[in-house]
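The block underneath contains the structure these notes are about, expressed in structure tokens.
The values are calculated or read from the model by the stated rules, or taken from the named source; none is laboratory data. These numbers come from a predicted model, not from an experiment. Virtual Cβ from ideal backbone geometry, glycine too; neighbours counted across all protein chains shown. Note: areas computed on protein heavy atoms with side chains; ligands, DNA, RNA excluded. Shrake-Rupley method; radii C 1.70, N 1.55, O 1.52, S 1.80 Å.
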Amino acid sequence: DMAAVVDEVLRHLEQAHEKALPRVVRNPLPAAWCDPVLIRQAWANLLGNAIKFSGRQPAPQIEISAAERGDSQIYSVRDNGAGFDMQY
């Protein structure tokens, strides 16, 4: 249950941060077969970075979504943070 994993990670991140988290929009996330420990760590890294790099925005927002591509699920995290130069 990917939605449950993401919600758990968000709760943990919220407890660990002194300031309020950015606005989080979590779209429906289909389930997937995966290693629960590894996927939890992947979500923690992605969401932690999104929180860190969007925090300086006046209205920080993080969007979590999924798309089906063939027989695979593609999950994504998008934020309105600092970004980086794709050249590097």
_Theoretical ellipticity at 222 nm over the chain - DSSP helices of four or more residues, -39500 (n - 2.57) apiece, nearest 500_ = -13000 deg cm²/dmol
*Would you work out the relative contact order for region 21-86, in percent, from Cα pairs under 8 angstrom that are 6 or more residues apart?*
39 percent
_Carbon + sulfur, % of accessible area of the chain - ligands and nucleic acids excluded, 1.4 Å_ = 52 percent
*Taking the Cα centre of the chain as origin, work out the dipole magnitude from +1 charges on Lys and Arg Cβ and -1 charges on Asp and Glu Cβ, in debye rounded to 20.*
300 debye
*Where does helix 2-16 land angle-wise versus the long Cα axis of the chain, in degrees 0 to 90, nearest 10?*
30 degrees
*Whole number in Å², please: accessible area per residue of the chain, 1.4 Å probe, ligands, DNA and RNA not counted.*
74 Å²
*asked:* With angles folded into 0 to 90 degrees, how steeply does helix 36-54 sit against the dominant principal axis of the chain? Use alpha carbons for both and round to 10.
replied: 30 degrees
